[in-house]
Amino acid sequence: MTWLNSKRGITALCFSIGLSLYGCGGGASDSDLGGASVAKASVAALASNASSPAMPQIPVAAPPMGWSSWNSLEENVSYNTIKAEADGLAALNANIASGPKYQYVNIDEGWWTSGQRDTNGNFIIDTTQWPGGMQAMAQYIHSKGLKAGIYIDAGPVGCGTRTNGTHFVGSDYAHYTHDFLQFAQWGYDFVKVDFCGGSNASYDPQNAYTAVAAAVQNAYVHTGQQLALNICDWGTIGNNSAYPDYQQGPWAWAPGLAVSWRTTGDIYGPNSGVPNFGAVTGNLAGNYHPEAQHTGYYNDPDMMIAGMGMSAVHDQAHVSLWALSGAPLILGNDLAKPVSAATIGLITNPEVIAIDQDALGVQGLLVGQSGAQQVWSRLLAGSGQRAVVLFNNTAADAAMTVTWNQLGLLPSSASVRDVLAQKDLGSYAGSYTAPVVPAGGVVMLRIGGTDTPATSYQPSSLSGGAVYASCASCAGGRKVTSLGSVVFSGVASANAGGFVQIAYVNSGTQTLKAKLNVNGGLATTLAFPPSGSNGNVGTITAYALLQAGQNTVTLSSVDSTTAAPDISSIATVAGPMALQPFHATYEAEAANNTLSGGAVVANCQQCSGGKDVGYIGNGGTLVFNGVAAPATANYTVTIGYVNGDGGPRSAQVSFNGAAPVTVSFPSTGGWSSEGTVQVAGVLQSGNNTLTISNPSGWAPDIDGIAMTAQSLHAKYEAEAANNTLSGGAVVANCQPCSGSKDVGYIGNGGTLTFNGIATSSSGSYAVTIAYANGDPGPRSAQVSFNGAAPASVSFPPTGGWSSVGTVQVTGVFQNGNNTLTISNPSGWAPDIDDIQ
Ligand code: GLA
C-alpha cells in the first residue's frame, strides 16, 4: 500500500467505527475550525443576552425582473419590435423550471417620437409607429402574461437624439400629474424616469423625483393602477446647498419613494459595440450602498448586457454578481433573435434567479478582497442561508476560499451548492475552497450553515405620542403603537455594520413605512408589508451602519400622514461581514507630502480623512514623505484610490525614487466609491518616500496608503534537511508538491519546525503555507512564529492527498533567522509542502 492509500485507509477506518468526520485523522474539533477567533469572541460576549423568539420573516417586494429595449433597439421601438421582444420574453420564461420569471417588457426612450402634445397636454402618438396607441401595446404585453413598462424624462429635454438629429422630449413639473396618470390609464405597470432634461433644467433630483412619486401615487389613487417607479438620475450627487439632498445621492433619499434607483452611468449605449466587462465591474462598484437597499427598495446598477457578445465567463460573472447584489434583473439582449443555449441556461437558471429574488431583499456585501479577487456574500431568507460569489477578476484561473467567519456562520459543517452548475458539493466546516475560479469569472455558491446567535433588544424609550399596547405574539408581551419614535439603546455590535431584524405588527392590507436611524445618522425609510390579519408579529431585516461597540437605533414615523407599523423589538442577527472602508496610515492630503504639476487636494466624502489628491498624472505628481519602516525590507503597500472612469487608469509607483512599477487601478464605478490595490517595493529602515505619477495620462485620485504584512523573500521546503521533524512526522513523496515531497504525520504528537527562515527586517509577515488535506473536511494545526503562542489555523480540504492548497497566516519574525512550527496536540494536521 502506498503512502497515499494508507492515509485513505485511516480515514475509512474512522468512518467504519462511527467516529464523526472531524474526529478522524485530522482531529479538528469544531472549536478549532475556521480561524474564527474574532467571531468566536464576539459571539461569546453576545450569547448571554441572546433571546430571539422564532418569528416569521415577511417577504418584501422582490427586485423587478424583465427586459428593456434600450440596449438592443435604442430608439427603434414600435408596436412590431416590442411585440417581437414580448414574444421572445414569454418564450424565454418557458425555460425557467420553477420560481419567479421575467415580468416586465419596458419600452425605453424613443416611443414619443412626435415630442408634441395636443392642446389638452396629451401626448401626440405616431400611429404608424403605434397603430393602436400606447394602450394597445400594453394590452398586447399583458396578453402574454407579462407587465408593461414605459419611459419619460423628469425634465423637458430627453436624453437621446432622434434620427432627425433633434433631442427627444420629456415631462416637467407642470406635466407630471398628467403624464403619470396617462401611463396608468394606458395600463402601464412600470415607469423609468430619466434625468437628462432634469439636469439640463437644473432641477434638484430629490425635489423632482418627490414630485414624480406624488404624481405616481395620484395616478394610483385615480386608477388603481400602480406604476413601479425607477429613478434614473445616474446617482447624481445633489449640488444645490439649498436642497435637502445636498451632497447626497439617490440612495440617501429614494428608499420609500421609488422601487429602484440607478446608481451609475450607462452600462451600454448606442455605438458601444461589443459590451465591455469593465462597465460591469464599474457599475457593480458604484452600486454598493447596502444600507439603502432593503425592504423592497433597490439599488439599480443598470440593465444587463449578458448575451450581447461578452465571453460566457464574463456573462456568468455579470449575471451572478447582479443576482448576488439583489439588483433588478432587467435583460438587455435582443430576444427577437435566436438566443444561444449558454445564455438561455444562464439567465433562466432558477437558482440564480431565486438568489436575486430572495425574500429578505438585502444587498450582497463585499466580504473579502485580495487584489482583483473578491468574495461577495448575501444574507438570504431562512436560517443560516447565504449566497456567495467568488469573483476572480485576474488573468489566470485561481483557487479561492470563503470562510464561514466571513459569512457570520458558526465554523461547524455547512452544505455547499454550486449554483451555476446546480450541483451539491458536499458539506464543509469552517471554509470552502473552490479549486478553480476561471480568470475573469466566478463560482457562485449557496451555503446552508448555522447562524451565529442573535441578540434581541426591547425598547428603551418612547416619544412623539408612541405608547405601549399589549401583544400576545410579541417578545415581552407588548409592542409600541402610535409612532412617534421608539429608541433602542445599547445595541451592541462586534463589528462596524450589521444586520438588524425588526419585529413589527401590521395587521392591515397595505404596506406601512417607518424611518430607521442609527446613532443619529442619515435616516432611511423602511417598508413593513402586512404581517397577517391576526395581529401576529413578523420581521423584516435591514443592513445598518452600526459602529463597533454600543449603538442607538431609532424607529420613527416618516411624517404625520404616513401610517407606521407597531414595533415590538429589534435584534442584531447574523450575516455576512462587510469589509470595512480603507483607512489610510498616510493620507495623500497630509501637509508634509509634496504635490507638483497640477496635483491638488480635493474633497472626497468617502475617503479616509474626507479628502484625497486629484489631478495626478499628465505632469501632476504626488510624493508621500516620511513613510516609516522599522527596517529595510520588502513591504506591501495598500493604496486607497478613486477612479470614476469606465475603465482602468494607470500610475507609476516608485519607492524612494527607484525605477517605478506601472500599477493598474480598476474603475471604482464612480467618483463616490473607493477601491484599493496593492504594490510591493523596498523601503529602507527609517523614513521613505513613495511617488505616484503618470507622464502620459491621468492617474486615479489617491486617498492614502497603508502598510500591509510583508512576505518572505524565499520558499522553504518542508522536507529540507535543516528542518526539525519530531514525533511521527516524516518526509513522504508527493507528486504535485514542490520538490515532489512533503512532510506527513504532523499532529497527534508529530511536529514540523522550519528552521533558518531568513528575513532582513523584523515585522509582520504573511506566510503562505502549501499543504495537502485529502480528508473531506478541514484539518487544523497550531502554527507558531519563533515559538510564540500559536495560532490555530484551519486547512480546508484540497480534494485529495495529491492536490495542494494554500492558506495564509500572519505573525512576527525578527531580523535574521527565524523558525515556524506546525503541530497539533490532539488530531492530525495536514501534510505540509512548503512555506513562502
Ligand atoms: C439615459 C439612460 C439610459 C437610456 C438612455 C435613453 O442614458 O441612462 O438607460 O434610457 O438615456 O436615451
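Since every read-out is calculated from the coordinates, none of them should be taken as a lab result. As the structure is a computational prediction, the values presented were derived from the model and not from experiment. All Cβ positions, even for glycine, are placed from backbone atoms using ideal geometry, and neighbour counts span all protein chains on display.
General observations
- Backbone HN-Hα couplings from phi across the stretch 386-401 [Karplus 6.51/-1.76/1.60, Hz, Gly and Pro as x]: 9, 9, 9, 10, 8, 10, 9, 8, 10, 8, 10, 4, 7, 7, 9, 10
- Amide hydrogen neighbours beyond the local backbone of Asn786, cut-off 5 Å, H modeled: Thr819, Leu820, Thr821
- All lysines inside 26 Å of Lys337 as judged from Cα atoms, apart from same-chain residues fewer than 8 positions distant: Lys83, Lys101, Lys144, Lys147, Lys192
- Ranking of Ser493, Ser412 by count of other Cβ atoms within 10 Å, fewest first: Ser412, Ser493
- Cβ charges +1 (Lys, Arg) and -1 (Asp, Glu), total dipole of the chain, debye: 1440 debye
- P(r) tail for the stretch 80-146: Cα pairs beyond 17 Å make up 49% of the total.
- Farthest toward positive dipole pole in the chain [+1 Lys/Arg, -1 Asp/Glu at C-beta], among Ser241, Val627, Pro438: Pro438
- Distances between placed amide hydrogens fall under 5 Å for Gln57 paired with Thr539, all partners being 5 or more residues away or on another chain.
- Amide H contacts for Gly498 (H built 1.01 Å from N in the peptide plane; partners 5 or more residues away or on another chain; cut-off under 5 Å): Ala544, Leu546.
- Most positive-pole-ward Cα, Asn506, Gly345, Gly88, against dipole of the chain from beta carbon charges: Asn506
- Exposure proxy order (Cβ contacts within 10 Å, fewest to most) of His167, His294: His167, His294
- Our analysis of the stretch 354-429 gives Rg over Rh at 0.95, with the two radii drawn from alpha carbon positions and Rh computed by the Kirkwood formula.
- Measuring nothing but how far apart in sequence close Cα pairs (under 8 Å, 6+ apart) lie, relative to its length, the stretch 224-362 scores a relative contact order of 20 percent.
- Extended-chain gain in nm, criterion 0.36 nm per residue less alpha-carbon gap, Ser415 and Val313: 34.2 nm
- FRET efficiency, Gln135 to Gln369 (Cβ-Cβ, R0 41 Å, nearest 0.05): 0.25
- Partners of Lys423 within straight-line reach, counting aspartates and glutamates whose Cα lies under 15 Å from its Cα and excluding those fewer than 8 residues away in the same chain: Glu351.
- For Lys741, a cut-off of 14 angstrom between C-alpha atoms picks up these aspartates and glutamates, skipping any fewer than 8 places away in its own chain: Glu717, Glu719, Asp831, Asp833, Asp834.
- Cα pair count fraction exceeding 42 Å, expressed as % - the chain: 38 percent
- Cβ-Cβ FRET estimate between Ser98 and Asn200, R0 fixed at 41 Å, reported to 0.05: 0.35
- Stretching Asn687 away from Arg117 to a fully extended chain increases their span by 198.2 nm, per 0.36 nm per residue minus the current alpha-carbon distance.
- Projected area, mean over directions - the stretch 682-836, Cα convex hull, nm²: 12.0 nm²
- Take every pair of alpha-carbon atoms less than 8 Å apart whose residues are at least six positions apart; their mean separation over the length of the stretch 93-195 yields a relative contact order of 31 percent.
- Rh (Kirkwood; distinct C-alpha pairs) - the stretch 225-276, Å: 12.7 Å
- Within the stretch 249-268, backbone nitrogen closer than 13 Å to the virtual label 7 Å beyond the Cα of Tyr243 toward Cβ: 249-254
- Projecting the Cα atoms of Ala219, Trp828, Ala699 onto the charge dipole of the chain (Cβ charges, centred on the Cα centre) puts Trp828 farthest toward the positive pole.
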